[in-house]
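Down below is the structure, laid out as structure tokens.
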């Protein structure tokens with residue numbers, strides 16, 4: 001059966017705590033080390049202990065953007081300024097020396113102008129010993145980018161992500177549903193997993209939508225409720 005893409009509005013803000021790693025535990029551990037939290041909640045003193053950039057890659061839905069946005073949010077919560085660039089950036093700013101880190105998402109989609117900006121940011125960040133965190137759908141060797149940028153993305157920590165399998169997808173749904181106090185039956189879980197994408201982002205979006213819709217309609221979480229939500233989306 002064809003999987004359905006569900007657009008149901010705002011999602012829970014991504015954090016490292018609400019990232020379900022599944023087969024990607026090593027990547028999560030690296031980002032937790034990359035973003036150390038001080039007990040007093042203040043800015044961390046060391047963001048990149050070994051001086052190497054970090055590049056995260058994997059298929060759509062494997063959690064790349066979740067990890068990057070969680071890292072940005074964590075840094076800003078600690079009082080850091082962060083330079084952020086993605087493929088939708090229309091007028092990227094010049095590198096700002098007040099930035100504590102540079103984060104670049106969806107680099108595989110960068111056109112020439114964004115590649116130029118990314119390379120400039122990378123060079124200046126390295127000169128000032130500021131950490132670089134980037135992500136793309138392809139491994140560095142397969143990126144269709146200018147060679148000087150591609151090689152810089154690949155010389156540090158390169159972390160490959162995988163999609164969740166069915167067992168891991170079920171674990172995500174159960175974990176998030178329990179945390180929200182939602183009663184999610186095996187029947188409803190079977191129904192949703194047959195019809196919705198099992199990537200991490202879609203599962204989080206699905207639970208957000210089910211939670212809100214159940215509250216709005218004051219109905220139990222059943223298959224008819226899921227069908228009704230789809231009809232009214």
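Here, each number is a calculation from the coordinates, and none is a lab measurement. Everything numeric in this text was worked out from a predicted model, so none of it was measured. Counting neighbours? That spans all protein chains shown, and the Cβs are built from the backbone with ideal geometry, glycine included.
Data for the structure
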{"quantity": "Expected-Rg normalisation [2.2 N^0.38 Å, Cα atoms] applied to segment 60-148", "calculated": "1.04"}
{"quantity": "Segment 166-232: relative contact order as a whole-number percent, Cα under 8 Å and 6+ apart", "calculated": "36 percent"}
{"quantity": "Taking the chain and dividing mean pair separation by its residue count, relative contact order in percent (alpha carbons under 8 Å, at least six apart)", "calculated": "28 percent"}
{"quantity": "Ranked list, fewest to most other Cβ atoms within 10 Å of each Cβ, for 158, 141", "calculated": "141, 158"}
{"quantity": "Distance in nm between pseudo-label sites at residue 81 and residue 183 (7 Å out along the Cβ direction from Cα)", "calculated": "5.3 nm"}
{"quantity": "Highest-MSF residue in the chain out of 51, 160, 63 [GNM, Cα springs under 10 Å]", "calculated": "51"}
{"quantity": "Chain lengthening between residue 191 and residue 228 when straightened (0.36 nm per residue, less Cα-Cα)", "calculated": "12.0 nm"}
{"quantity": "Potential lengthening between residue 175 and residue 94 on full extension [0.36 nm per residue; Cα-Cα distance subtracted]", "calculated": "25.0 nm"}
{"quantity": "Cα-projected label distance for residue 218 with residue 139, points at 7 Å along beta-carbon direction, nm", "calculated": "5.7 nm"}
{"quantity": "Separation in nanometres of the label points that stand 7 Å from Cα toward Cβ, at residue 73 and residue 17", "calculated": "1.1 nm"}
{"quantity": "Segment 66-115: C-alpha pair distances exceeding 18 Å, %", "calculated": "33 percent"}
{"quantity": "Residues 120, 62, sorted so that the one with the fewest Cβ neighbours within 10 Å comes first", "calculated": "120, 62"}
{"quantity": "Orientation-averaged projected area, Cα convex hull of segment 166-232 (nm²)", "calculated": "4.0 nm²"}
{"quantity": "Radius ratio Rg over Rh of segment 88-203, counting only Cα atoms, Kirkwood formula for Rh", "calculated": "1.14"}
{"quantity": "The chain: C-alpha pair distances exceeding 23 Å, %", "calculated": "53 percent"}
